[in-house]
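Please read the structure below before turning to the comments.
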Amino acid sequence: MNKISLVYYSATGNTEQMAKAIEEGIIEAGGKVTVYKSNQMNKEDILSSDVIVMGSAASGSEVIDENDLLPFMEEDGSKFKDKKVYIFGSYGWGGGEFADNWKAQLEGFGAKIVAMPVLANEAPSDEELAQLKEIGKKLVTI
């Protein structure tokens, strides 16, 4: 069974709802997950996980959390090599381009993106939350 860490940044609560859906799926599948808000993360624990799950609301000009998640990735980029990673997030404008850039950055570090990101425009729909819950279940054994 995989050691899973989930770290997220949520400005309005939308991305937090998404994180909770993933967490529920992991737990329902019999897995264990350690969940961190981005400003309270334990980098060493996250980087020692088999699967790293990261979520962020888009901020500024369609970028991920610039206070914690972006510096974490940039400072520890080489440690993402060969890591299984899943990303998700929410946005309120644009078309979610931030996730394409985020995915490309992680792949540039050598991370293995395990599924396409689920993105919510504003609050996640019931369908998006159900998708995230299913992804959570799959993360236990990938």
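The values are calculated or read from the model by the stated rules, or taken from the named source; none is laboratory data. Only a predicted model underlies this, so the values are computations on that prediction, with no experimental measurement involved. Methodologically, a virtual Cβ is constructed for each residue, glycine included, from the backbone with ideal geometry; neighbour enumeration extends over all protein chains shown. To get the accessible areas, we keep the full protein, side chains included, count just its heavy atoms, and leave off ligands, DNA and RNA. Shrake-Rupley method; radii C 1.70, N 1.55, O 1.52, S 1.80 Å.
List of remarks:
- In this structure the amide hydrogen of Ser56, modeled in the peptide plane, comes within under 5 Å of the amide hydrogens of Tyr9, Phe88, Gly89, Ser90, none closer than 5 places in sequence on its chain.
- For the range 1-88, the list of GluC sites (Glu not before Pro) that fall in a loop by DSSP and count at most 13 other C-beta atoms within 10 angstrom reads Glu66.
- Among (1) 32, 16, 13; (2) 20, 19, 13; (3) 29, 17, 11, the entry that matches semi-axes √(5λ) of the Cα gyration tensor in Å as calculated here: (2)
- Protein accessible area in the range 2-138, 1.4 Å probe - carbon and sulfur %: 45 percent
- Taking all protein chains together, Lys138, Lys32, Lys84, Lys37 sort by accessible area into Lys32, Lys138, Lys37, Lys84, largest first [probe 1.4 Å].
- Computed over protein heavy atoms with a 1.4 Å probe, the accessible surface of the range 1-49 works out to 49 Å² per residue.
- When only Cα pairs below 8 angstrom with a gap of at least 6 residues are kept, the chain shows a relative contact order of 33 percent.
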